[in-house]
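Please read the structure below before turning to the comments.
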Amino acid sequence: MNRILEEDFNRIIKAMPELTELANSRWLLTGYAGFIGSYLSRFLCYLNDNVWDGTASFFGVDVGIAAGDTGAALGEEMKKRRDFMPLGWNIAIDPPFARLSTAKIDYVLHMASIAAPAIYKKHPLETIHVNVNGTENVLRWASGAGIKS
């Protein structure tokens with residue numbers, strides 16, 4: 001673990017003791033290997049390892065268009081975790097309803113987006129699809145799935 005990340009995570013945990021209440025939760029992380037997603041995914045895993053005693057579980061979705069080499073490395077790192085299950089679908093074209101019907105998800109962090117100018121210029125339609133259709137698919141699914149937040 002990067003020392004700077006660990007310092008950040010410990011400061012956040014100290015400032016937010018209510019995070020302990022999220023133990024035993026199940027998370028859907030869209031865009032988990034992207035710029036924001038990689039930070040938050042690592043933070044949740046750090047919480048699970050150091051605060052929640054490994055009681056949380058994570059389901060991750062990331063098609064990898066915007067993640068680059070760092071995202072690919074994080075994806076491999078996450079796949080080795082026993083508390084993480086990658087889901088092989090694209091939220092923009094493949095609504096998650098059937099794949100998550102048996103999993104009771106408590107929280108959704110929807111971070112999927114193509115945000116780097118060089119990449120969204122290269123993939124303009126994919127950018128629109130994930131930002132519009134992907135968000136709609138996740139919201140439609142979440143509205144009927146009993147998500148806490």
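The values are calculated or read from the model by the stated rules, or taken from the named source; none is laboratory data. This is a predicted model, so every value here is computed, not measured. All Cβ positions, glycine included, derive from the backbone under ideal geometry; neighbour counts span all protein chains shown. Note: areas computed on protein heavy atoms with side chains; ligands, DNA, RNA excluded. Shrake-Rupley method; radii C 1.70, N 1.55, O 1.52, S 1.80 Å.
At a Förster distance of 25 Å, what's the computed FRET efficiency of residue 19 paired with residue 104, Cβ-Cβ distance as r, to 0.05?
On the way: r = 20 Å, r/R0 = 0.81.
It comes out at approximately 0.80.
Accessible area ranking (1.4 Å probe, heavy atoms, ligands and nucleic acids excluded), largest first, for 62, 53, 83: 53, 62, 83. For residue 26, nonlocal amide neighbours, meaning residues 5 or more places apart or on other chains whose placed amide H falls under 5 Å from its own, are 57, 106, 107. In plain terms, the chain from residue 140 to residue 81 could stretch by 18.4 nm, reckoned as 0.36 nm per residue minus the Cα-Cα distance. Straight-line cross-link partners of residue 148 among the lysines, defined as a Cα under 30 Å from its Cα and at least 8 positions apart when in the same chain: 14, 79, 80, 104. Once both labels are positioned 7 Å from their Cα atoms along Cα-to-Cβ, the gap between residue 11 and residue 119 label points is 2.6 nm.
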